[in-house]
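A.B. asks: Okay, handing you the structure first.
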Amino acid sequence: MLNPSISVAMTTFNGAQYLGEQLTSLSAQTVKPLELVVCDDGSTDETVAILQAFSAVAPFTVRIFQNAERLGYEQNFIKAASLCQGSLIAFCDQDDIWNDDKLSVVSEYFRQSDDLLVAHDFCVFFENGRQLIPSYFRNLARSGLLPVVNLKGCSLTLRRELIELVDWPPARSGWSHDMWICFTALLLEKRGYIRQPLVRHRMHGNNTSGWLPGGEARLQRLLRRFRLPPFTSSTDLDAFIAQFVGPADLVVFRDAVQQCGSAMTKDQRQRALSGLARRQAIWDFVSSEAYLHPVKRTLGAIDLFLGRAYRNGDGALGLVHDIRGRRTWMRDMALAAGYRLSASQPASDR
């Protein structure tokens with residue numbers, strides 16, 4: 001069965017070793033895509049030849065574009081997605097293996113939901129023989145993390161409408177295509193989740209993104225899961241801000257709110273800006289001189305906690321870390337980014 005509304009956006013670069021398995025899994029989909037759009041970023045192996053041979057026998061249209069100059073994986077994915085004609089766009093890595101029902105499940109999700117972006121669960125397997133992770137979402141949960149921190153492009157499908165509303169990230173942002181669409185869909189409260197593994201995500205030495213959050217010690221996991229409303233939070237927005245908004249990202253955050261424009265309600269905008277203010281209060285604190293003095297640091301951390309600054313996913317774990325002065329790495333990052341502010345004030349949770 002063909003789904004005329006879904007395009008698959010794939011990027012390739014010297015992917016001949018694993019590409020054949022991925023293409024075979026695309027052919028086996030119980031619901032076929034409208035098209036596969038591939039942007040190759042200057043491969044020097046057999047990647048393009050494999051794609052051309054596949055295009056001759058594929059049960060759907062295959063459109064292959066070869067970049068005259070290297071774009072890098074982020075801009076290459078943006079190019080591939082921009083060339084797609086379907087109303088739904090599913091990102092596809094060259095080295096994964098899709099479950100046969102991936103497009104069927106994703107298509108059904110969008111048929112029943114008005115979300116602009118959906119992320120599904122996936123299993124992770126390793127070329128070096130490390131034990132397979134059968135559910136990435138469960139792996140996050142064990143560490144007290146929500147599925148919202150998953151930015152893996154291989155698990156994302158978006159409505160074209162999202163890009164029409166917010167466009168791609170500004171060139172100066174440094175944010176990847178997948179991080180940007182995850183965040184903007186979250187700001188619009190139109191990001192959904194499918195808690196079913198639909199892809200076998202391959203980890204090897206050449207992954208462009210190999211970060212797998214989680215795995216902390218048991219006490220850290222327990223503290224992150226501890227909830228004491230209204231001083232801590234389990235909202236997707238707060239969790240995302242805590243995980244990804246550093247001192248260099250504050251401007252990008254405001255850019256995202258600005259680009260969402262009239263698509264955001266007044267309440268959505270207020271929640272976003274309040275979350276940003278709380279996070280900025282923490283960066284102010286860790287970059288201040290008070291953070292270097294145990295008594296002042298303890299009083300400052302308690303003040304921030306009562307001011308609800310730790311709602312941003314840090315919760316009790318952030319409070320304990322800051323009382324102990326364990327986040328000097330954040331201080332170093334802030335100072336390296338030129339973030340030199342005075343001691344923070346308690347953040348409002350209006």
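A.B. asks: Can you name the number of the only condition in (1) surrounded by 20 or more Cβ atoms within 10 Å (Cβ to Cβ); (2) modelled with pLDDT under 95; (3) of a type outside the set (Ser, Thr, Tyr); (4) not in a loop (DSSP other than H, G, I, E, B) that ARG221 fails?
C.D. replies: (1)
A.B. asks: Follow-up. Looking only at residues that are crowded, with 22+ Cβ neighbours inside 10 Å and charged (D, E, K, R) in region 250-296, which one is farthest from ALA336 (Cα to Cα)?
C.D. replies: Out of the qualifying residues, it is ARG278.
A.B. asks: Out of LEU304, LEU299, I need the residue that is part of a helix (DSSP H, G or I) and touching a residue at least 24 places away in the same chain (Cβ under 8 Å). Which one?
C.D. replies: Working: LEU299 fails: touching a residue at least 24 places away in the same chain (Cβ under 8 Å).
Exactly one residue qualifies, and that residue is LEU304.
A.B. asks: While we're looking at this one, here's another question. Collect the residues in region 307-332 that are touching a residue at least 12 places away in the same chain (Cβ under 8 Å) and either in a loop (DSSP other than H, G, I, E, B) or not assigned by TED's automatic domain parsing to the domain that holds SER287 (or both), keeping them in residue-number order.
C.D. replies: Those that are touching a residue at least 12 places away in the same chain (Cβ under 8 Å) and either in a loop (DSSP other than H, G, I, E, B) or not assigned by TED's automatic domain parsing to the domain that holds SER287 (or both): GLY307, ARG308, ASN312, GLY313, ASP314, GLY325, ARG327.
A.B. asks: Can you tell me which residue among ARG297, ARG324, ARG331 is in contact with a helix residue (DSSP H, G or I) (Cβ under 9 Å, 6 or more places away or on another chain), farther than 19 Å from PHE240 by Cα, among the basic types (Lys, Arg) and modelled with pLDDT of 95 or more? It would help to see each step written out before you state the result.
C.D. replies: Details: ARG324 fails: modelled with pLDDT of 95 or more; ARG331 fails: modelled with pLDDT of 95 or more.
It is ARG297.
A.B. asks: For residues in region 26-49 being part of a helix (DSSP H, G or I) and in contact with a strand residue (DSSP E or B) (Cβ under 9 Å, 6 or more places away or on another chain), which is nearest to ALA16 (Cα to Cα)?
C.D. replies: Let us first name the residues in region 26-49 that are part of a helix (DSSP H, G or I), namely 26-27, 47-49.
Filter once more, keeping what is in contact with a strand residue (DSSP E or B) (Cβ under 9 Å, 6 or more places away or on another chain): 26, 47-48.
Numbers: LEU26: 16, THR47: 5, VAL48: 8 Å.
The extreme case among them is THR47.
A.B. asks: Residues in region 264-288 that are farther than 18 Å from VAL320 by Cα, in contact (Cβ under 8 Å) with a residue 12 or more places away in the chain and out of contact with any helix residue (DSSP H, G or I) (no Cβ under 8 Å at 6 or more places or on another chain): how many? Outline the logic, then answer.
C.D. replies: Let us first name the residues in region 264-288 that are farther than 18 Å from VAL320 by Cα, namely 264-277, 280.
Those still in the list that are in contact (Cβ under 8 Å) with a residue 12 or more places away in the chain too: 264, 268-277, 280.
Within this subset, residues satisfying the condition of being out of contact with any helix residue (DSSP H, G or I) (no Cβ under 8 Å at 6 or more places or on another chain) are 270, 274, 277.
The number of residues fulfilling the criteria is 3.
A.B. asks: In region 229-249, what residues are within 13 Å of ALA272 (Cβ to Cβ) and surrounded by fewer than 17 Cβ atoms within 10 Å (Cβ to Cβ)?
C.D. replies: Once the filter is applied, which keeps residues that are within 13 Å of ALA272 (Cβ to Cβ) and surrounded by fewer than 17 Cβ atoms within 10 Å (Cβ to Cβ), region 229-249 yields only THR235.
A.B. asks: Does ASP303 satisfy the criteria of being in contact with a helix residue (DSSP H, G or I) (Cβ under 9 Å, 6 or more places away or on another chain), acidic (Asp, Glu), over 17 Å from LEU140 (Cβ atoms) and surrounded by fewer than 19 Cβ atoms within 10 Å (Cβ to Cβ)?
C.D. replies: Details: in contact with a helix residue (DSSP H, G or I) (Cβ under 9 Å, 6 or more places away or on another chain): yes; acidic (Asp, Glu): yes; over 17 Å from LEU140 (Cβ atoms): yes; surrounded by fewer than 19 Cβ atoms within 10 Å (Cβ to Cβ): yes.
It is true that ASP303 is in contact with a helix residue (DSSP H, G or I) (Cβ under 9 Å, 6 or more places away or on another chain), acidic (Asp, Glu), over 17 Å from LEU140 (Cβ atoms) and surrounded by fewer than 19 Cβ atoms within 10 Å (Cβ to Cβ).
A.B. asks: Further question: At least 3 residues that are surrounded by fewer than 22 Cβ atoms within 10 Å (Cβ to Cβ) in each: list the strands (runs of 3 or more DSSP E) lying fully within region 110-201 that qualify.
C.D. replies: Values: elements: 117-120, 123-126, 156-159, 191-194.
Counting at least 3 such residues, we get 123-126, 191-194.
A.B. asks: When you look at PHE54, is it crowded, with 16+ Cβ neighbours inside 10 Å and of a type in the set (Phe, Trp, Tyr), yes or no?
C.D. replies: Numbers: crowded, with 16+ Cβ neighbours inside 10 Å: yes; of a type in the set (Phe, Trp, Tyr): yes.
Yes: the conditions hold for PHE54.
A.B. asks: So which residues in region 68-101 are out of contact with any Leu (no Cβ under 8 Å at 6 or more places or on another chain), part of a loop (DSSP other than H, G, I, E, B) and surrounded by fewer than 19 Cβ atoms within 10 Å (Cβ to Cβ)?
C.D. replies: Matches in region 68-101: ALA68, GLU69, ARG70, LEU71, GLY72, SER87, ASP100.
The values are calculated or read from the model by the stated rules, or taken from the named source; none is laboratory data. From a predicted model like this one, the values you see are computed outputs, not experimental measurements. No Cβ is skipped: glycine too gets one built from the backbone with ideal geometry, and neighbour counts run over all protein chains shown.
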